Each structure stands twice: as C-alpha cells, then as structure tokens.
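The block underneath contains the structure these notes are about, expressed in structure tokens.
The values are calculated or read from the model by the stated rules, or taken from the named source; none is laboratory data. This structure is a prediction, so every number in the text was calculated from the model and none was measured. Note that each Cβ is placed from the backbone with ideal geometry, even for glycine, and that neighbours are counted across all protein chains shown. With ligands, DNA and RNA removed, areas are computed over all heavy atoms of the protein, side chains included. Shrake-Rupley method; radii C 1.70, N 1.55, O 1.52, S 1.80 Å.
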Number of protein chains: 6
Amino acid sequence: MKPVVVRNIQRTDRKLCGVLANLGVSTVHEAYGRIGLMKTYMRPIWAGASVAGPAVTVLAPPGDNWMIHVAVEQCQKGDVLVVGCTADNTDGMFGELLATALKARGVVGLVIDAGCRDVKPLKEMGFPVWSRAISAKGTVKATLGTVNVPVVCAGVNVEPGDVVVADDDGVVVVARKYAAEVAQKGEKRLADEDAKRKRLAAGELGLDMYNMREPLGKAGLIYVDRLEDI
Amino acid sequence: MKPVVVRNIQRTDRKLCGVLANLGVSTVHEAYGRIGLMKTYMRPIWAGASVAGPAVTVLAPPGDNWMIHVAVEQCQKGDVLVVGCTADNTDGMFGELLATALKARGVVGLVIDAGCRDVKPLKEMGFPVWSRAISAKGTVKATLGTVNVPVVCAGVNVEPGDVVVADDDGVVVVARKYAAEVAQKGEKRLADEDAKRKRLAAGELGLDMYNMREPLGKAGLIYVDRLEDI
Amino acid sequence: MKPVVVRNIQRTDRKLCGVLANLGVSTVHEAYGRIGLMKTYMRPIWAGASVAGPAVTVLAPPGDNWMIHVAVEQCQKGDVLVVGCTADNTDGMFGELLATALKARGVVGLVIDAGCRDVKPLKEMGFPVWSRAISAKGTVKATLGTVNVPVVCAGVNVEPGDVVVADDDGVVVVARKYAAEVAQKGEKRLADEDAKRKRLAAGELGLDMYNMREPLGKAGLIYVDRLEDI
Amino acid sequence: MKPVVVRNIQRTDRKLCGVLANLGVSTVHEAYGRIGLMKTYMRPIWAGASVAGPAVTVLAPPGDNWMIHVAVEQCQKGDVLVVGCTADNTDGMFGELLATALKARGVVGLVIDAGCRDVKPLKEMGFPVWSRAISAKGTVKATLGTVNVPVVCAGVNVEPGDVVVADDDGVVVVARKYAAEVAQKGEKRLADEDAKRKRLAAGELGLDMYNMREPLGKAGLIYVDRLEDI
Amino acid sequence: MKPVVVRNIQRTDRKLCGVLANLGVSTVHEAYGRIGLMKTYMRPIWAGASVAGPAVTVLAPPGDNWMIHVAVEQCQKGDVLVVGCTADNTDGMFGELLATALKARGVVGLVIDAGCRDVKPLKEMGFPVWSRAISAKGTVKATLGTVNVPVVCAGVNVEPGDVVVADDDGVVVVARKYAAEVAQKGEKRLADEDAKRKRLAAGELGLDMYNMREPLGKAGLIYVDRLEDI
Amino acid sequence: MKPVVVRNIQRTDRKLCGVLANLGVSTVHEAYGRIGLMKTYMRPIWAGASVAGPAVTVLAPPGDNWMIHVAVEQCQKGDVLVVGCTADNTDGMFGELLATALKARGVVGLVIDAGCRDVKPLKEMGFPVWSRAISAKGTVKATLGTVNVPVVCAGVNVEPGDVVVADDDGVVVVARKYAAEVAQKGEKRLADEDAKRKRLAAGELGLDMYNMREPLGKAGLIYVDRLEDI
C-alpha cells in the first residue's frame, strides 16, 4: 500500500446527512438492514452529541498521529474525520489542538479506533469524539499511512464520502449510494414507531400490536400457571 | 428445556422492596452475606437511578428479543424485568418502544445481560436500565426461550419473584425468603454506619474505632521509620 | 516481603503539586517524556475532578482492605492514597466510610487498582476516586500487606512521596526528583500550546505551523487527485 | 446464606454419565436444546481429556480455597468437582496437591471459575481441569462458603448431582432429571450425523441434503454472476 | 444491503498462493508494508497448520450459520473460506460436518470471526481453522447475509479472491492485485534474513549488522556504567 | 527519564537461579510470600519450558523494538531478557532473528509485555518466550527507551539483576536480595509437599492432615444431610 493522500472524494449530500443525524444511529442501523455498525467499544467521550457527515478517512500506524495532521487539510465543512489503525491501539492520538484545527474547518466530529485525550477541554469546546479509549498517552510522528483510502474502523469498512452517523448509541456508517434510500426508510420507520409508541404507552401489548401470539404458538410456546407445572 | 411462560410467581413483598431500594446495593450486598452481586460489567445506562422490585425473568437466545415481548404481559406494577442469554451477547435487545410498554405496566427498571439502545430517549423518559453494553444492533424474533423460569443473569441465578436491587453501584439479587432478614440487617448496618461516619468525620481513626491495632500486631505488622529500616 | 508500614516518607513539595494539578495529566505526561501513565482502565468514578498530591502507597492482597485502614493513619493533608494489589481484582475495597476518614485528614483523592463502591455518596461528598471498576463486592480483613513501600499500581511503579496527578484523562505519576523539572517543562509547553491554539483556531494548518510538509515528502507521501490514480 | 455443607446429594446415574461423555460437549449441548453451556473462557489446561460425572458443587470467596478442601471429603468415585466464586477471580485456587487428593477419591475432573496452577504436573498425572485462567497466585483459607448448594459457575447454575460434561469444546451441564432424555436424543443425533457425514464427504451439498434452497429463496436470497450485478 | 451470492470471483493465482504460504504470515505482512493483519484474537484451533488461498467471503448474522452452508457451493479447490459477522459473536458457527463438506470440495482452511466447535475431530481430520473462540454454542438458520461480497473479518476488509495466508502467527490478507509484488518482496526478504540469521548465530550484534550505533547516538542514547550514574 | 543504557548490573547468583528454576513458579511465588507474580495474561508461546535467570530490563515505546536490539549487547550467558512498554501493546516486537542473537549470547528466555511472532521457528529452535500476545505485526525503530533501568512488566517492577522464573504456570520475579532466602524456603516447601502428596495419595483428607476441622467449626461451618435441611 502506497502512502497516499487522495484529494478529491465524492461526499454524501449534506441534506441527507442532516436527515440521518436526526434519525439517529439505531434507526439508521435498522433502516440500513442491520449492517454498518461499529463495535460497541466505540463510545462518545461526552454524552448528548449527535452528528452525521461524510467521512474523510485516515489509516494510521498505532501510536502515530502524523496522518491526522495531514488529513486536516483535506477536511471540509460538515465532514466527520474517521481514523483506523493498522493494529489495536489505545494511545491518545487526538486532543484539543487537533480539535481546534478541525473545528476551524467546520468538521463536526471525530471517530477514532484508538484513544483520545483532553476530554474536559473537548467537552467545553463542544467537539464530539467517539473513541475506543481515553488516554493521555502521547504519540509519535514517524510513519506514513493514508488519507481518503478506504479504511476499516472498529469493524466497519469506511469508504471516503460515506456518511457517518454517531450519537449516544454508537456509530453507524452508510455507503454513499445507499444514503438516500436509508434516509427514506428511516423516516418511514420513525413515523411508524411514533404510532406504535402511543399505542404501547396506552397499555396495548406488543404481543397484540405485532400479532405475535400466533407465531409464538406455532413455534411451540407453552403457558403454565406455576413453575411446578412444567 | 421446554419453551414455557409461567404465569403466576410469588413476588417479594413490595414494602420490603422499598426498604431494600433505600438501603442501596452495597448495603444490601453486605447484609446478605456478600453474595448475590451481578458481574461488575453491569452498568446503568444513565446515572442516579435506584430501584428495587420482584424479578420477572427471561431467558433469551443471543440477539433475539422475542421473549422480552412475551414477558411484558407477565409484568406488574413495581416489577423489575431481568433478562439472561444462552450465550454472551452485546446486541441492542431493548430500546425505547419496549421501555414504553414496560413503563405503561409500572415496571420500574430493566436488568439485561446483553446490550441496550436508545440511551438518550430512555434517559429522557426516566426508565432505568442496567446492561452489559450499549449497542444499536438490532435483533431478530426467531427462537423461543422462557419467562419466569430461574435464569442466570450476569453471574447470578435469579428466581422469579426474588428482589432485584440496582443503583450506581451495580445490581444485587436477594432470594425472596431472605428479603425480610436482609432488610432488617441492612437497616441495622446503616444505623451503625451513621454513627461510625460521624466519628470518622471527626477525625477518629478506623484503626481505633474498629480495634484493629491488636489483631494487626498479632498478624505480624511492623512499623519502621524509614524504608531503609526494613 | 515483610508486612511493614513506613512512617516517614519524603513528599513532593506541595506547591509543585499544585502546579502539576493545573497542568493536567496529558500535559504532565508529555513534559515527563511520555512515561508514568497508568493503564487506561483507570477511570474517575465521577467526571470533572482534578487533583495532584504526594503518594501514600498501599500494597493489598486482592479483596482485602485491611491495609487501607492502616494507611489512613499515615496520610497527611494534600496526599493522594495509591492502592495496588498482588493480583487482578475488581472488588469494592473502598467506599464512603473510608472516604470520610481520608477526607477528615485532608487527603485529596484515591487511586486504586481494584474496585470502588458507594459511587453516589462519594460524588455527593466530592471525594474523587480513580479505579479500575465499580463494585459493591465487600472485602475481608485477613491478610497483611505494606504501606509506603514502592507499589505497582495499574502498570506504574509508585514510590511513596512521588506526585500523583489525576483528572478526566487518567492518572500519571512523576518521580519526586523530577517533579520540578516536569512542572517547568509543562508550563512552557502550555504557553506554547496557547499560541498554537490561536493560530489553529484562525485556520492555519498544522502542516504549515509544524513545518511537516518537507519531512512528509521525504518520507514518501504522495498526493493524488482520485483514488483511481494510485 | 449460611456456610453449609450438604452431605447427601442425588447423583446422575453413572451409566448415563458415560454415555454423555462419549457424546461430547457439542452434541450434548445440541441435544439439550442449546442451553447449559458454560462461558467460552472456560478452557482445558491440557488438551484431549473428555469427562462426565455428577457435580459436587462449591461456592468459594475469591482467592480463598478453604471450601475446596472441605469439598474433597464429599466427593465420590466418578464425580466432577465444580467451583464457583462470589466475585470474578483468576487466582490459582487449585493445584497438584488438591488434585492428588481428588484423584485418590476417584474424582474425574475439576471445573473452576477461577485460576489453576501446577499445569505441568497436572498434565503428567492425567488430572483434567477446566478453568478461566492459569495462575500461580496462592490463595488464603479465611472465609467460608458452601458445598453442595446450587452454584453459578461460568454462567451456568449447577445443582449438586447434575451431570457435567467437559472436553476440548468446553463444559456443558445437564440437569439430572433431563440426563436420560438428553442421552437418548444425543445418541440419535450422533447416528444422524454419521449418515450426513458420509454424504457430505462424498460431495453432496448441505444445501441439498438439508433442503435449504427453497427456504433460502423464500427468504429472498439472490444469486448474481458478478459483484457489479448487484 | 441485498442478501446476495456472487457466483464468479477472480481468484489469486494458485501458484502465488503457494509461494505466500511458504513465506508465512509474518514475512508476508512485512512484505506487504505492515498492513492486512487480522486482530491477534484470531488463533488456530490446533497448532502447526500453514495455508494460503483465495478468499470466498461470507457475511453472517451473529449466531446464524445459514450463509456458511450457502457458501460451500461457491468454494473451489484451494480456497479459504472467510466468515465475518454483523456483530461481535463467539458462538460455535462451524464444526465437523461443515468441515467435511468443505474438505470434499478441496477447501484448505476456514477463517471465522466467531466461534468454532468440534476441535478434536477437526484436528484429527487435519482441517485447519482460525477463530476468535472455541464454543459448542449451536446456531440458528434464520437470517440471510451475503457470499462473495467484501466483508470485514477481524479488522480486515477482505475482497473475494484476495489471498488469505494463515499460520501459527495469525492471519494476513493480501489484495489480489498486490499478491505477485508481495510474493517477490517476501522471497527477497527471506533470502536476506537467511544471511542475517547466520551472522547473528555466529555472534555478530544487530547493532553492528544493521548499523544502528550512529542513529542511536544521534537520537540521544547514553551509556552509563551504573544506574547511579544517570 | 533519560534514554540510557546501564552497562553494569549486579546479577543474582547463577546457582540460585538454577535452584529457583527447579522449584518452579508456583513454589517460588509461595516461598516469596505470594508477591512478584506477573499478570496471568503472560503465557508461554510453547509449553514445557522452565527457566530462571537474572533480568536484563528494557523499557520500550509501544510498537518499537529498537531498544531490544540495544539490549542484546548487554546480555550475558544465563540471562532472561525482560521487556516492558510505556503503553499497552500487542505488536510482534520479537521474532526469530532477535532470538537467534540472544541465543548466541546464551540468553535463556524472553519475557515481554507485548506481542511475539515466528512462533513455529522459535519452538523449533527451543527458545522460550512468555508474552501477552502472538502477533505478526511488525514494529518500527524510531524512539528510544532504556536498558537496565527498573521496568514494570505485566504488573511487576523488575530491577536489573532480579531473578526471573518462568514456566507453564507463568512468570514470577524475585528481588536479588531475597533470592537465597526464597530458594531455601522453596526447597523446604517442596520437601514438605512431597510428604503431603504421599499422604493425600494414600487417601488421607486435607481436612485432617492440615487440622482444618476445628477452625472450620469455629468459623461457623455447618453440616446438614440434605439441602432441604438448611
């Protein structure tokens, strides 16, 4: 693999990103057919943020953040920076100064399969990060990687320009060509859920609302009065 | 094991549950003889909640929440729903809609040895969950399990009707027949601790208050002035 | 190893501790040459605290907090209590009563390579703890250990009197003899970062500010317009 | 929970144990309806052993093997000793001397949700152990637990006398009352598999043998010639 | 993502696969520029096997092996079957019967980011498997996935036809288009190492052989006689 | 911390090392008062080796093996090389070539809190390694560390010259000044165990041999005939 930076990528439409951010990770994940979800170890360093934007992708050697500095220049307003590593790593590859640089370019968040530091200042400046660890461990600038080449981050292959959706439930990545379809399905799902929520809140049982009783019976579910009756 | 739902269970007295909720997990765990504590990976999805109630128990296949839908119908006001899995799993088997259904029935919380999603809405609606992971991963409805059959959840065998106590310190389960005894011991312990707290706050040493100096000496503890003196 | 308590230790100067607390863990870690950082599993039980103080050290058997009681007496105003174990352990070896005793002596925080309980009361009383787990699991008082003998805690060898710095980024330990040098370097670093932060916030690229373009080119970094051009 | 030793337990019939040992863990687990399997972290300390026998159960405090010594006396020829702990623990609670004592009584193996030591001598004497860790960490004899009271071990609730089956695939526990039924189903399953194995070895496809093509098609599976055709 | 099976894939040349198998994982990984290595949790279920072959890829839902049955039909002589999951999973999705079917088609090994069972029979029949866990946990056949669509397995994105190299050091994946270049570089590397091995075995120091003394000195390395001299 | 190599260290007497190697890790750990044991994640890459020797210590940055090359020159016949890292790391920092160099100098083994590669050749050449992971991941040579300065490795602080004992049970480190005392106690312990082993093999109960019945009774242990009698 050559150490390369790709300058031009095709970004998911910004409006679609906005729709997906509003839908949230869990709804998008369902609408996408239950794929594209990063590992559950990816957690927000502070709660409450919710973002979506096209991915600028970085492949970095473990414990080396040189390529993140390189990637900043390739970022545009609304982007999400996505960093994968060539080996498992928890070092603090990202902190307040890099966040300042990204914020100045309008980047809306960072997703990194490694560690993050400066948690308190990042929260104060309102820059959201999803990472696998919090670590003050400083990193070197010794080895090259790639920018805007497809990268595996926390179990998901991210193509540059794919839309990354992240909130308190985690991080999901939708391929650019499916973004519109997923947004549409997600909005339909949300509308359906709204109706269901009202019925459930009124005391209706999911067993009835979803017509589960018959398939459960067919599958062999038995009801007894007491444990001793089994 | 037959796929069975047991309709009638004997619940721990609600008043006792209230007493145990007030005592909190750590005091209850001590009063119970230091048993019944779930694994430390069971964490609240939002901080500050404190509940206790009789267990309605579910055994579910990993990544399959069909039986949770079945269990809702068996829940009553004040219950805690407890979900164990037949294999390690972190998928998001529970979210806002199921919480809406449980809340409508007066269920006070969920304890699940798997993942949970919709973290932000769950916090907003004030429904507390203790889980091993946060995950947007959707689940199927394909395989049966059991409801109100004893289930191992996060290392503890939970009998239906046992009282489940959960707060920021974790989750502890007390067998129904010991609940009154544990409540009584816990209240005594709390009263004792109150007196101790005052003495310690006033500067008294635990070494003196607990009469530890003599047993420490007998066990062979040595005091020296400097490290070099050893 | 004899079970011994060392009464007199040489503490890092309190003023220096204050400087290091202000610098914070990440800056101190960098100024110290990127060593001395505890494992990333050491997390604050509540966010926002920031402390630094000389270490009083405890080596405890797993699941046994007898030596913590012994150590309280050796603590002075401004100290940080540091507890290591002879084997991996997550039991709740520390809680509200011990915190009350430490607070009465002016101890500013606890760092423990084991579990902690009473999370809510500890937060309410403002006593900060960094631990590897939260656990209600009670402990015994059966086996001796040491106090103020060097101890390995979460991967770092801590000498009594070394300064322990802890905040939301984790825990770093600086040897007493290097504390002044690290404080000085850290302050210089902070001043430098302040200037850099302003330039980055104004949109200057790190690539230019750090003069990275030439070494990146020498290392072989290539820019292409499209992925297909590689 | 009182610290108690139960002297008389009802053991699963020895002949049935022999049948289940021959079937092996994976077949027994399937025949039992895919329940009863211990966590996958339970591994044999040496490969190749295969045992089954009625459980003598121990609940021990972490890092304390006093109750294992107590349990030896309750063991009979053909038994499997099962040890659970009240908290997660990896200490070396079992070694060569205890194995010598168990072997003298005819015990066929140990299953322990903690650590084991003396790996080489245990292998030389042919005593099989399934444990969560290998650790030389010595343990104390300070706190009581129970013998022959139901115990949760590695995620499974084990009743004294239940049959424990263990081999290179892990450990599964079958309730005494289901042992005969499971043995019968397992033997049928094994016979079926034998026929299937021959057909598959001859090149027949599982797709055809199991008649999967139709349900796959109904579920919506599509075949295309090239990736680009999707 | 549509549930699709791609029938025709472009396989890495078999001769090249043979060369890469001989080079072994560590050499191939170096020759490939230190990328393409799967997570270190991927371990052989038995030691000593060494294989390389074009990937037939499967994306499966966790705990569901339906698509593995589908994939068998797409396998040819010399292939390696690669299975990724949509969520973390350790269930025993693969065992002896599937291995029999794969072996009948000439498949040389399986790489699965989930569990494997029937360890002993698989070893006896000489079918090598690299997996993240050993587990008897049976799986369902309820949900579709994909075959021969790119899949992330243990942190690496695998395109159908890429060459998978696996031995006791782990698993590395080389893109088809780089296979020849990597093979060539790897053979050169091996030849170089052979010469180095002889010099090192004769007592020559790496410091001298690699000319490290000067760069070490420039980087600031200091030699002192005693620790006290620092 | 300056990047320094200390040339002269005081090694534990070779004869003592031989005695400790014969005693083995578990006995040495007990004789040393149950301290000095490395984390249980440190496992031999091949089973059966048993070594002891004075430690030559390395502190390395994660994913950087430059200092191991430096350390080779400082090694003498009978030494054990011990490598700690400044952050958690599993990269393959050590392989066949370095082993060839160490073997040429008479080094008897390596203990590394990181990854190791070339497992098969290392086994074939009989060079034993205890590591936290097996990984083909190559490393850089970019950042300095230290040689023969005290280092924390897998939870234990190792002083240069301390004796490192390693076998299938793990790794234990004994301070040089305690080596003779530990050897003596260990030999006595072994002799005692020999006598005990014979008595236990003859069917005597540990309960009687260790006179446990009385203290167990005093602690409150109760015997009942059936579980229902509790």
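Over chain C, average the accessible area per residue using a 1.4 Å probe and give it in Å², no decimals. Write out the running numbers ahead of the final one.
Numbers: 8160 Å² over 230 residues.
Per residue, chain C has 35 Å² of solvent-accessible surface.
By the gyration tensor of its Cα atoms, with a ≥ b ≥ c the square roots of the eigenvalues, what is the shape of segment D:54-134: rounded for a/c under 1.5, prolate for a/b over b/c, or oblate?
In terms of gyration-tensor shape, oblate.
Measure off 7 Å from each Cα along the Cα-to-Cβ vector at residue E:188 and residue D:8, then give the distance between these two points in nanometres to one decimal.
Calculated label separation equals 8.1 nm.
Based on the alpha-carbon gyration tensor of the protein assembly as shown and its eigenvalue square roots a ≥ b ≥ c, which shape applies: rounded if a/c is under 1.5, prolate if not and a/b is larger than b/c, or oblate?
Verdict is rounded for the protein assembly as shown.
Cα gyration tensor of segment F:46-86, axes a ≥ b ≥ c as square roots of the eigenvalues: rounded (a/c below 1.5), prolate (a/b > b/c) or oblate?
Details: a/c = 2.38, a/b = 1.44, b/c = 1.65.
Oblate, because a/c is 1.5 or more while a/b does not exceed b/c.
Got a sec? Which residues of segment E:141-184 lose 10 Å² or more of accessible surface with every protein chain in place, vs. that chain alone, 1.4 Å probe?
Flagged in segment E:141-184: E:141, E:142, E:143, E:144, E:149, E:150, E:152, E:155, E:157, E:168, E:169, E:178.
State the percentage of accessible surface on the protein assembly as shown attributable to carbon and sulfur atoms; use a 1.4 Å probe and exclude ligands, DNA and RNA. Display every interim value, and only then the final one.
Numbers: 23850 of 48970 Å².
It is 49 percent, rounded to a whole number.
Nothing charged except the Cβ atoms of Lys and Arg (+1) and of Asp and Glu (-1): what's the magnitude of the dipole of segment F:128-226 about its Cα centre? Round to the nearest 20 debye.
Working: 15 positive and 14 negative charges, 48 e Å.
Here segment F:128-226 has a charge dipole of around 220 debye.
Please give the net charge around residue D:152, taking every other residue with its beta carbon less than 15 angstrom from that of residue D:152, where Lys and Arg add +1 and Asp and Glu add -1.
-3
Of C:219, C:202, C:47, which is the most mobile in a GNM of chain C whose springs link Cα atoms less than 10 angstrom apart?
The residue that fluctuates most here is C:219.
Filter the cross-link list D:196/E:103; D:218/E:141; A:39/F:137; E:15/E:188; D:15/D:77 down to pairs whose alpha-carbon distance in this structure exceeds 20 Å. Provide the component values of the computation, followed by the final result.
Working: D:196/E:103 14 Å; D:218/E:141 13 Å; A:39/F:137 22 Å; E:15/E:188 17 Å; D:15/D:77 13 Å.
Check vs 20 Å cut-off fails for A:39/F:137.
What list of ³J(HN,Hα) couplings, whole Hz, do you get for segment F:125-137 from phi and the Karplus terms 6.51, -1.76, 1.60, once you set θ to phi - 60° and write x for glycine and proline?
Result, rounded to whole Hz: 8, x, 9, x, 9, 10, 9, 8, 7, 10, 8, 7, 4.
Show me, for segment C:151-157, the HN-Hα J-couplings you get by feeding each phi into the Karplus relation (A = 6.51, B = -1.76, C = 1.60, θ = phi - 60°), rounded to Hz, glycine and proline as x.
Couplings: 9, 8, 10, 6, x, 10, 7 Hz.
Cross-link candidates for residue D:123: which aspartates and glutamates have Cα within less than 16 Å, leaving aside residues fewer than 8 places away along the same chain?
Those aspartates and glutamates meeting the cut-off are D:96, D:167, D:168, F:167, F:168, F:169.
Report, as an integer, the average count of C-beta atoms from other chains found within 10 Å of each Cβ along A:211-224. Mind dumping the intermediate values first?
Working: counts 0, 4, 2, 0, 3, 8, 0, 0, 6, 4, 11, 7, 8, 8.
Average per residue, whole number: 4.
When the Karplus curve 6.51 cos²θ - 1.76 cosθ + 1.60 is applied with θ = phi - 60°, which whole-Hz ³J(HN,Hα) does each residue of segment C:193-205 get, with x for Gly and Pro?
Taking θ as phi minus 60°, the curve returns 5, 4, 5, 4, 4, 4, 5, 5, 4, 7, x, 5, 8 Hz for segment C:193-205.
To the nearest 20 Debye, how big is the dipole of segment D:1-59 about its Cα centre, given +1 on the beta carbon of each Lys and Arg and -1 on that of each Asp and Glu?
On the way: 8 positive and 2 negative charges, 45 e Å.
Dipole of segment D:1-59, to the nearest 20 debye: 220 debye.
List the residues of segment E:107-131 whose backbone N lies under 18 Å from a point placed 7 Å from the Cα of residue D:197 along the Cα-to-Cβ direction.
E:117-129, by backbone N distance to the label point.
To the nearest hundred square angstrom, how large is the accessible surface buried between F and A, total for both chains, probe 1.4 angstrom?
On the way: alone 12310 and 12340 Å², together 24040 Å².
Interface between F and A: roughly 600 Å².
Tell me, which residues of segment E:53-67 get at least 20 Å² less accessible area when the other protein chains come in, versus the chain alone (1.4 Å probe)?
E:62, E:66
When every alpha-carbon pair in segment C:1-82 is counted, what percent end up more than 23 Å apart? It would help to have the intermediate numbers written out before the result.
Working: 1086 of 3321 pairs.
Within segment C:1-82, distances greater than 23 Å cover 33 percent of Cα pairs.
Of D:44, D:150, D:215, which has the largest mean-square fluctuation in a 10 Å C-alpha GNM of chain D?
The residue with the greatest mean-square fluctuation here is D:215.
List the residues of segment E:15-52 that lose 30 Å² or more of accessible area once all protein chains are present, compared with their chain alone (1.4 Å probe, heavy atoms only, no ligands or nucleic acids).
In segment E:15-52, residues shielded by partner chains: E:26, E:29, E:30, E:34, E:35, E:37, E:39, E:40, E:43.
Only four residue types carry charge here, +1 at the Cβ of Lys and Arg and -1 at the Cβ of Asp and Glu. Report the dipole size of the protein assembly as shown about the Cα centre in Debye, rounded to the nearest 20.
Details: 174 positive and 162 negative charges, 0 e Å.
Roughly 0 debye for the protein assembly as shown.
Where the eigenvalues come from the Cα gyration tensor of segment C:93-169, what are the semi-axes √(5λ) of the equivalent ellipsoid, largest first, in whole Å?
Values: eigenvalues 76, 54, 36 Å².
So the equivalent ellipsoid measures 19, 16, 13 Å along its semi-axes.
For a Förster distance of 41 Å, can you work out the FRET efficiency between the beta-carbons of residue E:181 and residue C:211, rounded to the nearest 0.05?
On the way: r = 33 Å, r/R0 = 0.82.
The formula returns an efficiency of 0.75 here.
Build a GNM of chain F with springs between Cα atoms under 10 Å: which of F:96, F:73, F:214 gets the top mean-square fluctuation?
Among F:96, F:73, F:214, the largest mean-square fluctuation in the Gaussian network model of chain F belongs to F:214.
For every other residue with a beta carbon closer than 13 angstrom to the beta carbon of residue B:120, add +1 if it is Lys or Arg and -1 if Asp or Glu, then tell me the sum.
Details: positive: B:117, B:123; negative: A:167, A:168, A:169, B:96, B:118, B:124.
Residues close to residue B:120 contribute a combined charge of -4.
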